Structure formats: C-alpha cells, structure tokens
Amino acid sequence: MTATTEAPVPTASEPSTAAAPAISLAGVTKTFQSGRENFTAVGGLDLDIQAGEFFSLLGPSGCGKTTTMRMIAGFEEPTTGVVRLGGKDVTDVAPNHRDVNMVFQSYALFPHLSVADNVAFGLKRKRVGKAETDRRVAEMLELVELGSQAKRKPSQLSGGQRQRVALARALVNQPRALLLDEPLAALDLKLRQAMQMELKRIQRDIGITFIYVTHDQGEALTMSDRIAVMNGGYVEQLGTPAEIYERPATRFVAAFIGTSNLLTGTAAATTSEGTDVLLDCGQHVRIAERRSEGTPVDVTVRPEKIQLSTEPPDASLSRVRGTVTDTVYLGSSTHYTVLVGDDTEIVVFQQNDRDLSAADAIAGRGSEVWLSWRPTHSYLLPS
Amino acid sequence: MRRKLTPYLLALPGWAWLALFFVVPLAGMASLSLTSGNVITGFEQTFNVANYVDAISTYSEQLVRSLLYGLGATVICVAIGYPAAYWIAFHGGKHKSTYLLLILLPFFVSFVLRTISWKFTLSDNGVVLGTLKSFGLLPADFGVLNTAPAVVLGLAYNFLPFMVLPIYAVLERMDHRVVEAAHDLYASKLQAFLRVVLPISLPGVFAGGLMTFIPTTADYVNASVLGGPGNTMIGSIIQTQYLVNNDYPIAAAITFVLMAVLLLGIFSYARALGTERVMEVQAK
C-alpha cells in the first residue's frame with residue numbers, strides 16, 4: 001500500500017510523440033486461471049486507436065471486449081503484449097497512475113458523497129487547487145445538465161442522472177481517453193437513444209478519445225467512428241460502421257450485425273460483369289465478383305437492399321421469384337418473409353413510402369412476387 | 001376494511017411482546033427503584049430518591065470501570081473484526097459462508113462454558129503461559145488471570161462476532177466496483193480505503209459498536225470468571241444486590257443509572273460518527 005500521488009511515470013524509454021496513437025495494443029493476450037483450467041479471454045489483439053476517435057469494441061458477451069477495456073484501464077494485466085497510452089508503455093502501470101478514466105456499467109458512484117463531491121474526487125486526488133476544482137466541477141455538471149443536482153446524493157437521482165454523474169466524474173479529469181463499459185445498458189429505450197446522441201455530442205465538443213464497449217450493434221453503429229467486432233477473444237473485423245455493415249468480412253460479422261439473407265449456390269458461368277450463380281433453390285442470381293465455374297459460394301444480401309415487385313424486374317438485376325409467407329407491419333417499414341424454392345426464406349424490409357393500399361395489394365400473404373437487387377449490393381462470404 | 005387492518009394485525013404480536021416483556025417490567029423496575037424497606041418486612045413505595053444517590057456514590061468506581069472495559073473490548077473488536085470482515089467480504093471467494101461459520105463457531109458452546117475454558121487457557125501454568133514459561137520466555141510468577149486485561153480480552157473474545165457480522169453485511173452489500181472507480185480516479189489503495197470503503201462501511205461499524213459496547217459494559221460473567229476482586233464490573237454488583245443481598249431497590253436503581261449512562265454514551269457516539277449521514281447511506 002503506497003499513498004504516492006506523483007504523476008504517471010513512463011516505464012519505457014520510448015518518448016511520447018504527438019503522432020502516436022492515443023491507445024495502442026500490441027500482441028495483447030489475457031488468460032485467466034480458474035482452478036486447474038485456463039480460460040483465454042483475449043487471444044491476440046493489435047489495435048491502434050487514434051486521438052479524438054469514438055472507437056467501439058462490439059461483440060457478444062464473453063468475446064473479450066470488457067477484458068480488453070479493463071487492460072487499458074489497468075485493472076487487468078495482460079498475460080503477454082504491450083499497452084501504450086500516447087506512445088508510453090503503461091503495461092505495468094497501476095490504474096491510479098494511468099491517464100484514462102472509466103464509466104462503469106453499474107456507474108460505481110460513491111454513495112456517501114454528493115454529486116459534486118463524486119465529480120471532484122479525481123481532481124482532489126490529483127491535488128488540483130480548490131478554486132479550480134470547484135470551477136471545473138461546476139462546468140462539467142453544466143455540460144451534463146446536472147447543475148441543479150450538485151448537492152444531492154446518488155441515491156436521490158434517476159438512472160439517467162446517475163449515468164451522467166458517472167460520465168462527468170470521469171470527464172472532469174480531462175483524460176487521454178474515456179473508457180465506457182456498456183454505460184447505457186441499464187437505461188430504458190427512449191433514454192438510451194437520447195443518451196446516445198448526448199454522448200456523441202459531448203465527445204464532439206470536448207474531443208476526447210472515447211472507447212466504448214457494447215454488445216448492442218445499433219449503439220455501436222450510431223455513435224462510432226470505427227468499430228472492432230470481437231468474437232472469442234479476437235477481432236473479427238475492424239472498420240467504419242458502414243464498412244462493417246455493408247461488407248462484413250466474416251460469417252460471424254454478417255450474422256451479428258443486422259439481418260442478413262444467406263443464399264448458398266455454385267458459380268455457373270463468368271460474364272463480363274461478374275459471375276452467374278446457380279442457387280440451391282434452382283434460380284440464378286448475379287454477383288459482381290468473379291469465381292471460376294463450379295466453386296461453391298455463399299451469397300449474402302441485406303433485407304433492405306431487396307426490392308419487392310409483381311412485375312418482372314430489369315434483367316440486369318439479380319432476381320428471384322417466390323411466395324410471401326409472412327408480413328410484419330412496423331409503421332415506417334414492413335418486413336416480408338418470402339419463400340424461394342422449397343426451403344430458402346428471404347427476408348425483405350420495404351419502406352412504407354408508397355400508398356399503403358398499393359403496398360398491401362402487391363404483397364399479401366400467399367402472393368407471388370419478384371425479388372430483385374443490384375449485383376453490387378450482394379457480396380460473397382469467405383467459405 | 002380487512003385489508004386496512006392487516007398491517008396492524010401483523011404488527012400486533014410484536015407490540016404485545018414489547019409491552020409485556022419490555023414496558024411492563026421496565027415500569028415495574030422503575031417503581032421498585034423508588035421503594036424502601038427490606039425483603040423480610042416488604043418493600044413500600046415511598047418515592048425514595050436516595051436509592052439513586054446511594055447507587056451512584058457507592059458504585060461509581062465499578063460503573064466507570066465497566067464503561068472503560070466495555071470501551072476497551074469494543075475497540076479490540078473493531079481492530080480484529082474489521083479486517084476479518086473486510087477479508088471475508090472482498091477475498092473470501094467461494095468460501096465466504098465457511099469463514100463466517102468459523103467466526104460464529106464459538107457461539108455453539110455456551111457463553112459461561114466458553115469463558116471458563118478461557119480461565120484454563122489463561123491460567124498461570126496453562127497452555128499459553130505454561131508453555132512460554134517452560135521456555136523461559138516469561139517470569140515464573142507472571143499471570144494474566146484476575147487482571148483487567150484478562151477481563152477485557154474475555155469480553156472482546158465473547159462478543160467479536162457481533163462486531164464482525166454487521167460490518168461484513170455492509171461490506172458485502174456495497175458495489176465492489178467503487179474500489180476500482182476510486183483507483184481509476186487516481187486514489188492509491190490506502191486512499192481508496194480511507195475515502196471510499198471506510199465511510200461506506202461506517203453504518204456497519206456503528207451497529208457493531210452498539211452490539212458489543214452495550215452487552216460488554218453490562219456483562220458480569222467475564223469479570224467474575226476471569227477477573228479478581230479488583231475488577232468487579234457493575235453487572236456483578238447488580239447481580240449480587242439482587243440475588244445475594246436481596247436489596248431490590250438498590251439493584252433497580254443501579255440498573256437505571258447504567259441504562260442512562262449507556263444511552264448517553266450511545267448518543268454522543270452517534271453524534272461523533274454523524275448518524276444522519278450514516279443512516280442516509282444505509283437508506284440507499
């Protein structure tokens with residue numbers, strides 16, 4: 001137990017440079033021992049997160065995203081590999097000497113302190129003067145719109161207010177990066193959506209790097225500059241929300257992000273525009289990629305890319321015929337399930353931007369319809 | 001109608017119990033403490049306040065000693081009980097309930113028997129002192145029995161679980177992430193404990209303090225078994241006056257003086273700890 005309050009000290013000789021990424025993980029792994037068994041939470045991670053970026057770690061529970069964040073915060077020590085903050089090696093530096101702050105999923109507010117004292121906690125430990133502490137705390141409480149609640153105890157606040165106290169308590173220290181561990185998970189839908197916008201606004205305003213851990217793909221897509229989709233301790237895909245959604249690199253990403261239709265088939269012939277694919281259901285579609293004849297392929301297409309019509313669509317499109325088996329009306333859109341062949345079901349999302357009676361007429365249950373999409377809107381999954 | 005009555009009906013046994021076994025005897029004792037006479041001629045209600053004057057002037061020494069012993073035992077219980085409760089709550093892992101059972105295990109033996117076993121353990125040539133003496137680590141005439149430390153240690157030993165359990169309950173219930181949050185906000189381990197864990201656990205210390213201080217101060221078994229003639233506590237005096245001398249009015253008067261002193265002590269203790277703040281945290 002030491003009570004040192006000195007500033008973080010770099011442990012390696014590497015100098016901090018302006019060009020260095022805010023956070024960098026190199027060859028990081030983490031293995032937990034429980035009894036005689038080993039559990040690998042993170043199997044090997046190389047990540048560079050740039051200053052000012054809103055970066056999300058997205059994946060199902062147990063994918064290693066929280067462990068990764070805890071290694072950045074310093075609560076877990078990597079089994080192998082190096083963690084750098086602003087170019088400095090901090091792998092062995094204790095959390096209280098790291099220039100990052102965390103917003104906990106449970107908020108972990110100090111129940112015995114007022115809102116203002118919660119927010120001031122970090123500044124007091126850093127021995128920031130009283131006048132400046134008061135000013136920064138007041139400023140931060142204004143930013144999260146809790147100025148009038150400063151004297152209250154956390155137990156007197158609503159869930160959304162507590163969430164904002166946790167945010168203010170971390171941000172007031174102006175850390176190199178803010179780590180957020182599923183901070184919105186405990187809020188109801190309306191509040192969650194409002195807070196997503198709020199978080200994004202705050203991040204833009206103050207320009208601090210945000211690292212956001214979530215299992216909610218909608219949240220990650222809405223807020224992030226870049227997303228790392230994690231599964232089983234590895235990064236499956238790293239990219240912008242659009243890249244990850246439009247061009248999933250793996251089967252896992254395609255299934256995890258949004259809804260996908262998976263059509264299995266075989267390359268039948270190559271043309272000047274791509275490849276003609278014979279689907280297992282007996283119909284033909286086109287893809288933009290070239291595959292040699294006889295190669296098995298998995299074609300994926302997003303439900304909202306598909307057009308539904310009664311007339312045969314343009315022959316330059318990929319098109320299949322099927323029967324509507326189910327429709328779900330969702331207000332702004334309608335979801336159709338269309339049976340193609342004997343056992344291939346394709347899900348189609350149609351915007352309800354047309355006259356409702358006309359939409360009804362083309363696609364009641366049991367009606368025969370054409371489905372079509374541009375060949376460039378479908379893509380192949382690696383087999 | 002019935003629905004409205006239900007909560008009161010539920011509380012009825014509790015109230016009846018309290019009235020029958022607390023209010024009635026207390027009123028009886030209060031009345032008894034103001035009588036005069038003796039057990040042969042009978043006691044007569046004379047509103048004899050002199051009983052209180054007698055009680056205070058004659059037994060102030062034992063009263064003060066009891067408070068000091070009780071305080072000493074409580075301090076020892078905090079010093080041993082807090083770290084134990086902390087360790088079980090934070091590092092007990094899967095075996096938390098086993099460790100708690102170990103703390104409670106002495107309770108499975110009768111209170112008097114436990115104290116008597118301590119008499120053997122601490123006797124001049126017993127397991128502890130005898131062994132140390134045979135190695136020449138203590139002078140041959142060294143003894144612990146019949147001294148103040150023996151009584152205070154015996155009290156602390158007997159009431160330790162009452163301190164451990166409430167502190168454990170608070171530490172176990174608190175969100176352990178607050179410790180990480182404190183580290184994350186630049187607090188060292190010591191600062192995290194002093195600024196976060198300790199203040200949050202104060203209600204437990206408060207409850208444990210009450211539950212050890214009150215019974216240890218009023219205890220008479222430890223003083224009569226482990227102490228000598230010079231270590232008499234107020235509990236022994238009450239017992240002797242009531243059961244041996246049959247001087248009921250004086251026994252009752254001492255009892256009320258003890259109660260008044262304890263209440264005074266508790267209120268000043270609560271003040272010092274800041275009960276309002278303490279209760280607010282608990283109300284979470």
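Determine whether A:Asp46 is more than 14 Å from every other protein chain (Cβ to nearest Cβ), assigned to a strand (DSSP E or B), surrounded by fewer than 22 Cβ atoms within 10 Å (Cβ to Cβ) and charged (D, E, K, R). Judged against the criteria, A:Asp46 is a match.
Listed here are the helices (runs of 4 or more DSSP H) enclosed by segment B:101-181 that have at least 2 residues being within 20 Å of B:Tyr69 (Cα to Cα) and in contact with a helix residue (DSSP H, G or I) (Cβ under 7 Å, 6 or more places away or on another chain): B:111-122, B:148-173. Per this entry, A:Leu180 is counted among residues that are outside any helix (DSSP H, G or I), within 22 Å of the chain's Cα centre (by Cα) and in contact (Cβ under 8 Å) with a residue 24 or more places away in the chain. Within the option set A:Gln196, A:Gln149, being in contact (Cβ under 8 Å) with a residue 12 or more places away in the chain, surrounded by fewer than 21 Cβ atoms within 10 Å (Cβ to Cβ) and under 27 Å from A:Cys63 (Cα atoms) holds for one residue only, A:Gln196. Filtered by the rule that a residue be closer than 22 Å to A:Leu85 by Cβ, of a type outside the set (Val, Ile, Thr) and over 15 Å from the mean Cα position of the chain (by Cα), segment A:189-203 gives a lone residue, A:Gln203.
Do we find a residue being in contact with an Asp or Glu (Cβ under 7 Å, 6 or more places away or on another chain) and closer than 16 Å to B:Thr212 by Cβ anywhere in segment B:142-159? The answer is yes; a qualifying residue exists. No other residue among A:Ala20, A:Ala26, A:Ala116, A:Ala120 is touching a residue at least 12 places away in the same chain (Cβ under 8 Å), part of a strand (DSSP E or B) and not basic (Lys, Arg) apart from A:Ala26. Here segment A:160-193 is the region considered, the condition is being among the acidic types (Asp, Glu) and farther than 19 Å from A:Phe110 by Cβ, and the residue that is surrounded by the fewest Cβ atoms within 10 Å (Cβ to Cβ) is A:Asp188. Flag: A:Thr264 matches the condition of being under 21 Å from A:Ile346 (Cβ atoms), among the polar types (S, T, N, Q) and surrounded by fewer than 19 Cβ atoms within 10 Å (Cβ to Cβ). Restricting attention to segment A:118-167, the residues being within 14 Å of chain B (Cβ to nearest Cβ) and more than 32 Å from the chain's Cα centre (by Cα) number 9. Inside segment A:77-98, residues that are within 14 Å of another protein chain (Cβ to nearest Cβ) and surrounded by 18 or more Cβ atoms within 10 Å (Cβ to Cβ) make up a count of 7.
When we screen A:Glu53, A:Glu6, A:Glu37 for residues that are in the same structural domain as A:Leu178 (by TED's automatic domain parsing), among the acidic types (Asp, Glu) and modelled with pLDDT under 90, the only hit is A:Glu37.
The values are calculated or read from the model by the stated rules, or taken from the named source; none is laboratory data. Given the structure is predicted, the values throughout are model-derived calculations rather than measurements. Neighbour counts are summed over all protein chains in view; Cβ atoms, including those assigned to glycine, are modelled from backbone coordinates with ideal geometry.
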